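Only one structure is covered here, and it is reproduced in the block below.
The values are calculated or read from the model by the stated rules, or taken from the named source; none is laboratory data. Just so it is clear, the structure is predicted and the values come from calculations on it, not from any experiment. Note that we place each Cβ from the backbone using ideal geometry, even for glycine, and neighbour counts take in every protein chain shown. These area figures cover heavy atoms from the full protein model, side chains too; ligands, DNA and RNA do not enter into them. Shrake-Rupley method; radii C 1.70, N 1.55, O 1.52, S 1.80 Å.
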Amino acid sequence: MQYTLDHQGTDTLFADVILPVPVPNLFTYRVPASFNETIKVGSRVIVQFGKSRVLTAIIGKLHHLPPARYNAKYLLELLDEYPVVTQGQLELFKWAAEYYMCCVGEVLNAALPSGLKISSESRMQLNPDFDVSIPLTEQEELLLEIVKIKQSLSYDEAVKILEGKDVHKVMKSLTGKRAIILFEEVREKYRPKVVRKVRLLRMYEQRDNLEALFAILDSKPKQLDVLLKYMQHVPVLTNPGANEAGLEKTVLAADEISDSSLKTLIRNGIVEEFEIIKSRFEETGFTGNGHPTLSPAQQAAENTVMEEFKTKDTVLLHGITGSGKTEIYIDLIRKVMDGGSQVLYLLPEIALTTQIVNRLRKVFGDQVGIYHSKFSDNERVEVWQGVLSGKYSFVIGVRSAIFLPFDNLGLIIVDEEHEASYKQQDPAPRYNARDLALVVARFQKAKVLLGSATPSFESFYQAQQGRYGYVKLGQRFGNSQLPEMVLVDMRKERKQKRIKHSFSSVLLDEMRLGLSRKEQIILFQNRRGYSPYIACEECNWIPHCGNCAVSLTLHLQNHELRCHYCGYHEPSPAVCPACGSTKIRTVGYGTEKIEDELKLHVPEARLGRMDLDTTRQKNAYQQIIQSFEVGEMDVLIGTQMVSKGLDFERVGTVGIFDADRVIHFPDFRSHERAFQLLTQVSGRAGRRDKRGKVIIQTADPKQLILEKIVSDDYEGMFEREMEERKKFNYPPFSRMIRITVKHVDLRVAESAAQDLADRLVDKLGRGRVLGPESPLVDRIRGQFLKDIVIKLERDNVNLKAVKELLRDQMQAVGLLKPNRQATLVADVDPM
């Protein structure tokens, strides 16, 4: 690699590196001469940061200018022969940091899989200056002897040697006696999957040699048994190539062969042992079997999309639930891949990937890569490297997949583009993957297809303004009908005493009818747990989280009260701790309680539940969805996970609980989200040739929004909301930035927030600055919160200059002595 010398520089090579920490500047390090020929921008290096921290950094720039304000330390190690981060990604990281008002290191930390970051492990080694005359205890002598033999020992190894007894105490004592030295061993987290195999030597692929071997082993039955078991799996004579590939040792172990006999065969040069690196993803060798046949309506929609792409980089596909948007996606993906370009297919939820992946693998085979947080660190690294190497030209993933190292994207599909799940809340960067997809596409000259049955009002507005192309697909696939919508007046049901627990008589009757017809049912309640809170009937005591301003949610399965914000939990009390009464009642209901009550009302039904509590394990989504798909469950109860694009042929009825809570949530987007959520979950009913039914339980059936949902009047809903938003200057007519001030002392939080608000009002004007105000939950994890909202006009405002102003003022307030421990967080385009 050639470098140009700046006239102020030296012959020494320096590297500006991006550190995965929240610091605003890049740090400059000196490049050891031995790295000069191999180091590249985008490669990983190990650096010392501060006195003792050792971090993985990414080379952002190479040059010959030493830093002016500090002496540059040397890079400790170069980890990559070739870059793992592309130049395009570095540009994206910089853009995201500037737009979302965070540090580029925070973007790197979110983008880079954990497996590509190094970890350190405490180890001990013998101190060469140890005075052997110093007395040691029996445990100390044992540990020191092992250290001498192995040269170094990890903490975990010490635990095993001492059987978990006083390990820390023994190590501390040995360190104090200067017998051992503790040090940090730095290593990569990613480990390729290594498979151990065995095979016969090539000479035994000849019949004569093999028969001679059998004669030799005739008197050694255990070794002969190993050979016979091997040949049961590997036809050595008829398929020598199979012998070359060998057999995994675990397969032989499962046959209960003698391990010592196998070792003898290896030692005698009859069998050889070798290792291969294997993908963690099962590869079938299947390359796909073509693409689906589109209906006339789907084909017309796809043709219009292609036509719109001629003049627009972004197109909004507005297809009602069940219209078959996925088939259109598949056809477009095939065309882009046939043209030699890459495709990224974004989904809002891991739950959705299960069904979609199964469908897409039937078409694209092993060309599909999958990327989401339920995968292990090693699995995510393999997908990252697969994109870099060209193994995966098509990836399906959730929001973090937007940071994958694509270099030739032709198309990004953002399915269910209206979903708030695309927005990262904490920690920084608080990005929206849908919006970032437009930036990535611009950098790579790709196209973006936004798809939804209920588009976000911002996207629909952009389409109306002509900035996006727009395609409407208003017909369900196969001419199946939209479901019948039934509004149940819960006040009337309650007066007539027809409610049973959380169920209206209408919903229970419809469920029983559906079960008698062997149909499946989905029940939606957007609240997990058994009950939102418990209360004492005598003194009205309600348990609250000690760290957050919320009541504790009852989870009956674990008999505990849990905070859904900080994770604090405690046993559920049988007796009121305030007055001693045993009259403790549950208030409200979540998915767990609905499941419990349903066992009483329809005991014959096979029930399943899909919420955060039941899907914590890696394959839990897949197991629940597959179980429901093949008919092992009759009723699936779930939170919003069940609303997003899942397709089940036998679902005849959908029941929606507590619709009013979704509708009346205190947020300017609450009606938009209620329309989207209730329409989406309703769309799970009645696919194919049978019309489904949706039962919505509400205290006010005459609400205008429910009329819009029942009549599927998206455009009418949009126009009504736009009038309100224009009147009060909310998005899409303005840009919003929310600044949250956090501190453990309420008075400090209030004072700092008020100071910042006053400074911003002085610079921006009162009309642009709202607050400070307390959010709905004003204390989380022990810190009090105060929000300031900045609303800026879409036009005639220098957004970059405003953000610089906000950064400066936030820094000035944060540096004041009383506010030193306060945290100030900016959220651009909050959801």
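Between S505 and A574, what is the FRET efficiency for a Förster distance of 41 Å, r being their Cβ-Cβ separation, to the nearest 0.05?
Numbers: r = 33 Å, r/R0 = 0.81.
It comes to 0.80.
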*Say each of Q754 and K94 gets a label point 7 Å from the Cα, pointing the same way as Cα to Cβ; how far apart are those two points in nm?*
4.3
*Report, in deg cm²/dmol and to the nearest 500, the calculated mean residue ellipticity at 222 nm for the chain, where each DSSP H run with n ≥ 4 adds -39500 (n - 2.57) and the sum is divided by the residue count.*
-10500 deg cm²/dmol
_Compute the distance from the alpha-carbon center of the stretch 417-432 to that of the stretch 197-217, in whole Å._
61
*For the stretch 93-163, run through the GluC sites (Glu not before Pro) and keep only the ones in DSSP coil with at most 11 other Cβ atoms within 10 Å of their Cβ.*
E163
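With respect to the cross-link table entries K335/K472; K472/K690; K312/K791, which display a Cα-Cα separation exceeding 26 Å?
On the way: K335/K472 21 Å; K472/K690 23 Å; K312/K791 29 Å.
Among K335/K472; K472/K690; K312/K791, the Cα-Cα distance tops 26 Å for K312/K791.
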*How far is it, in nm, from the label point at D426 to the one at L805 when both lie 7 Å from their Cα along the line to the Cβ?*
2.9
*Cross-link partners among lysines for K177, C-alpha distance below 17 Å, same-chain residues fewer than 8 apart left out?*
K148, K169
*Please report the relative contact order for the chain, taking Cα pairs under 8 Å with a sequence separation of at least 6, and give it as a percent rounded to a whole number.*
10
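With a 1.4 Å probe and all protein chains left in place, how much of the accessible area of the stretch 578-670 comes from carbon and sulfur atoms, in whole percent? Provide the component values of the computation, followed by the final result.
On the way: 1790 of 3870 Å².
Reported share for carbon and sulfur atoms: 46 percent.
Given R₀ = 51 Å, what would the calculated FRET efficiency be for E707 paired with V251, taking r from the Cβ atoms and rounding to 0.05? Walk me through the intermediate numbers first.
Values: r = 63 Å, r/R0 = 1.24.
My answer for the efficiency is 0.20.
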_Near-label residues of the stretch 719-745 by backbone N, under 19 Å of a point 7 Å along Cα→Cβ of R442_ = 732-737
_Rough spin-label spacing in nm, given labels placed 7 Å along Cα→Cβ, for F728 and T238_ = 7.6
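Take each of the peptides 558-571, 693-706, average the number of other beta-carbon atoms within 10 Å over its residues, and list them starting from the highest.
On the way: 558-571: 15.4, 693-706: 19.2.
The peptides rank, most packed first, as 693-706, 558-571.
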_Pairs from K374/K786; K325/K447; K51/K117 whose Cα-Cα separation, in the structure shown, is over 25 Å_ = K374/K786
*Please give the length that would be gained between N408 and Q206 if that part of the chain were fully extended, namely 0.36 nm times their separation in residues minus their C-alpha to C-alpha distance (nm, one decimal).*
67.8 nm
*asked:* If the reach is capped at under 12 angstrom between alpha carbons, list the aspartates and glutamates near K445, excluding any in the same chain fewer than eight residues apart.
replied: D313, D407
*Report T293's accessible area, 1.4 Å probe, all protein chains in place, as a number in Å² to the nearest 10.*
120
*What is the pair-distance distribution P(r) of the stretch 667-788, computed from all Cα-Cα distances in 10 Å bins starting at 0, with each bin given as a whole percent?*
11, 28, 24, 22, 12, 3, 0
*Set the Förster radius R0 to 35 Å, insert the Cβ-Cβ distance between K148 and A68 as r into 1/(1 + (r/R0)^6), and round the FRET efficiency to 0.05.*
0.10
*asked:* Run the paramagnetic zone check for R517: 7 angstrom along Cα to Cβ, then residues of the stretch 623-656 with backbone nitrogen under 17 Å.
replied: 634-636, 648-656
*Write down the accessible area per residue of the stretch 353-409 in Å², having rolled a 1.4 Å probe over the full set of protein chains.*
30
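Mind scanning K727/K803; K193/K618; K160/K249; K222/K249 and naming the pairs with a C-alpha gap bigger than 21 Å?
Going by Cα-Cα distance, K727/K803; K160/K249 fall outside the 21 Å limit.
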*Can you give the charge dipole size of the chain about its Cα centre, rounded to the nearest 20 debye, using +1 on the beta carbon of Lys and Arg and -1 on the beta carbon of Asp and Glu?*
1240
_Cβ-based net charge around Y568, under 11 Å, with every Lys or Arg adding one and every Asp or Glu removing one_ = 0
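Please list L598, L799 in order of solvent-accessible area, largest first, computed with a 1.4 Å probe with all protein chains present.
Numbers: L598 0, L799 35 Å².
Solvent-accessible surface, decreasing: L799, L598.
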*Hey, what does the equivalent ellipsoid look like for the stretch 444-521, semi-axes from the Cα gyration tensor as sqrt of 5 times each eigenvalue, largest first, whole Å?*
41, 18, 11
*Per-residue ³J(HN,Hα) for the stretch 75-92, Karplus 6.51 cos²θ - 1.76 cosθ + 1.60, θ = phi - 60°, Hz, x for Gly and Pro*: 4, 7, 7, 9, 8, 10, 6, 10, x, 9, 10, 7, 4, x, 5, 4, 5, 5
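What does the C-alpha gyration tensor say about the overall shape of the stretch 497-623? Classify as rounded when a/c is under 1.5, otherwise prolate if a/b is larger than b/c, or oblate. Walk me through the numbers on the way to the answer.
Numbers: a/c = 2.76, a/b = 1.50, b/c = 1.84.
Oblate, because a/c is 1.5 or more while a/b does not exceed b/c.
Using only Cα atoms, figure out Rg for the stretch 20-167 and give it as a multiple of 2.2 N^0.38 Å.
Numbers: Rg = 20.9 Å, N = 148, 2.2 N^0.38 = 14.7 Å.
That works out to 1.43 for the stretch 20-167.
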_Rounded, prolate or oblate for the chain? Axes are the square roots of the Cα gyration tensor eigenvalues, ordered a ≥ b ≥ c, and the cut-off for rounded is a/c under 1.5._
rounded
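In Å², and per residue, what accessible area does the stretch 95-251 have when probed at 1.4 Å with the other protein chains present?
Values: 8880 Å² over 157 residues.
Ligands and nucleic acids excluded, the result is 57 Å² per residue.
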*With θ set to phi - 60°, apply the Karplus curve 6.51 cos²θ - 1.76 cosθ + 1.60 along the stretch 374-386 and write out the HN-Hα couplings as whole Hz, x wherever there is a Gly or Pro.*
6, 6, 6, 4, 5, 5, 5, 4, 5, 5, 4, 5, x
*Which are the unpartnered cysteines of the chain, meaning those with no other cysteine Cβ under 4.7 Å from their Cβ?*
C102, C103, C566
_What lysines does K500 reach when the alpha-carbon gap must be under 24 Å and sequence neighbours fewer than 8 apart in one chain are set aside?_
K492, K518, K583, K593, K599, K693, K702
